[in-house]
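Enquirer: Okay, here's the structure, questions in a sec.
FYI, it's all coordinate maths here, none of it is from the lab. None of the values given here were measured: they were computed from a predicted structure. All Cβ positions, even for glycine, are placed from backbone atoms using ideal geometry, and neighbour counts span all protein chains on display.
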Amino acid sequence: MSVTIQVADFDCGQEIAAMTKGRDDIGALASFIGLVRADTLGTENIDSMQLEHYPGMTEKALAEIVAAAEKRWMLQSVRVIHRVGKLLPGEQIVLVLVAASHRGAAFAACEFIMDFLKTRAPFWKKEVSEHYGQWVEARDKDEMALQRWQDAEK
Amino acid sequence: MHIHLLYFAGLREVLGVATETLELPAEIETVAGLRELLAARGAPWTALVTTKNLRAAVNQEMAGQDARVHAGDEVAFFPPVTGG
């Protein structure tokens, strides 16, 4: 497991190469990349997104989420990168990369990690346009996405 | 004894403060008690009790309103998270 919070951009291809280097036991690799979507704030286009986090707790929360996924599925490797600071529309925000023997575990764990990251890891987004700034509000839909993992556990 | 407080995102902006160290009164035992103590400072600190769905963490773990707070703890208050 490897978790990184960084300002710099990341390269999914490089991360895959690093994860698979020297290994022939990986049968499936699932990846998710979140991007800054162009949007409007009132009548203005968003110029940038400001990503804030809680240093210390963020790393701990992400490590716990990945550990929960590793307990639930047989995973071979997990890489999470989340960017912070000022990001422009079209830029990458987050990468989740999961390697497993078979695709079922890789797909499911990748989605599980993202669902928990969105609702449990202490990151906050602020949309900034020329004259306005607005903190993004949490969506009930994200909280509901967790429900199915909890229902599936019963 | 002291506790270390942190505020994030919209709450930090409303308060105009990111961190502070506070002498913890002996009668304050929970996250809820701490919120009320801070809100008693008046505006803008009333946000600690009026903000919808305000979240808290004690020693970097998500914590409910009934969670205990002790001298030496790091307690953070923030809006629901919106990463990813």
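Enquirer: Among the chymotrypsin sites (Phe, Trp or Tyr not before Pro) in the stretch A:41-140, which ones are in a DSSP loop with at most 14 other Cβ atoms within 10 Å of the Cβ? Mind listing them?
Expert: The qualifying sites are A:Tyr132.
Enquirer: Taking θ as phi - 60°, what are the ³J(HN,Hα) couplings along the stretch A:108-119 by the Karplus curve (6.51, -1.76, 1.60), each to the nearest whole Hz, with x for Gly and Pro?
Expert: Whole-Hz 3J(HN,Hα) from phi for the stretch A:108-119: 5, 5, 4, 6, 4, 4, 5, 4, 6, 4, 5, 10.
Enquirer: With θ set to phi - 60° and the Karplus curve 6.51 cos²θ - 1.76 cosθ + 1.60, what are the ³J(HN,Hα) couplings of the stretch B:16-32 in order, to the nearest whole Hz, using x for Gly and Pro?
Expert: Taking θ as phi minus 60°, the curve returns x, 9, 9, 8, 7, 10, 10, 6, 7, x, 4, 7, 8, 10, 10, 4, 4 Hz for the stretch B:16-32.
Enquirer: Give, as a single signed number, the net charge of other residues whose beta carbon lies under 10 Å from the beta carbon of A:Phe112, with Lys and Arg counted +1 and Asp and Glu -1. Walk me through the intermediate numbers first.
Expert: Working: positive: A:Arg72, A:Arg148; negative: A:Glu111, A:Asp115.
Overall, the nearby charge balance is 0.
Enquirer: Have a look at the DSSP beta bridges in the protein assembly as shown and tell me what percent are antiparallel, nearest 5.
Expert: Details: 42 of 51 bridges.
Here the share of antiparallel DSSP bridges comes out near 80 percent.
Enquirer: Largest first and to the nearest Å, give the Cα extent of chain A along each principal axis.
Expert: Largest to smallest, the principal-axis extents are 52, 38, 27 Å.
Enquirer: Put +1 on the Cβ of every Lys and Arg and -1 on every Asp and Glu Cβ in the stretch B:23-75; which of B:Val69, B:Pro25, B:Ala47 then has its Cα farthest towards the positive end of the dipole?
Expert: Sorting the options by dipole projection puts first B:Ala47.
Enquirer: How many angstrom lie between the C-alpha centres of the stretch B:33-84 and the stretch A:126-154?
Expert: With the stretch B:33-84 and the stretch A:126-154 each reduced to a Cα centre, they are spaced 19 Å.
Enquirer: A further question on this structure: From the phi angles alone, apply the Karplus equation (6.51, -1.76, 1.60; θ = phi - 60°) to the stretch A:15-24 and give each ³J(HN,Hα) in whole Hz, x where the residue is Gly or Pro.
Expert: For the stretch A:15-24, the Karplus-derived couplings read 5, 5, 4, 5, 6, 9, 4, x, 10, 10 Hz, x marking Gly and Pro.
Enquirer: Which loop-located GluC sites (Glu not before Pro) does the stretch B:23-84 contain, where loop means any DSSP state but H, G, I, E or B and the Cβ has at most 14 other Cβ atoms within 10 Å?
Expert: Counting only loop positions with at most 14 other Cβ atoms within 10 Å, the GluC sites (Glu not before Pro) in the stretch B:23-84 are B:Glu27.
Enquirer: Only loop residues by DSSP count here, and only those with at most 16 other Cβ atoms within 10 Å; note down the trypsin sites (Lys or Arg not before Pro) in the stretch B:34-84 that meet that.
Expert: Passing sites in the stretch B:34-84 are B:Arg41, B:Lys52.
Enquirer: At a Förster distance of 22 Å, what's the computed FRET efficiency of B:Glu20 paired with B:Asn53, Cβ-Cβ distance as r, to 0.05?
Expert: Once the sixth-power term is evaluated, E becomes 0.45.
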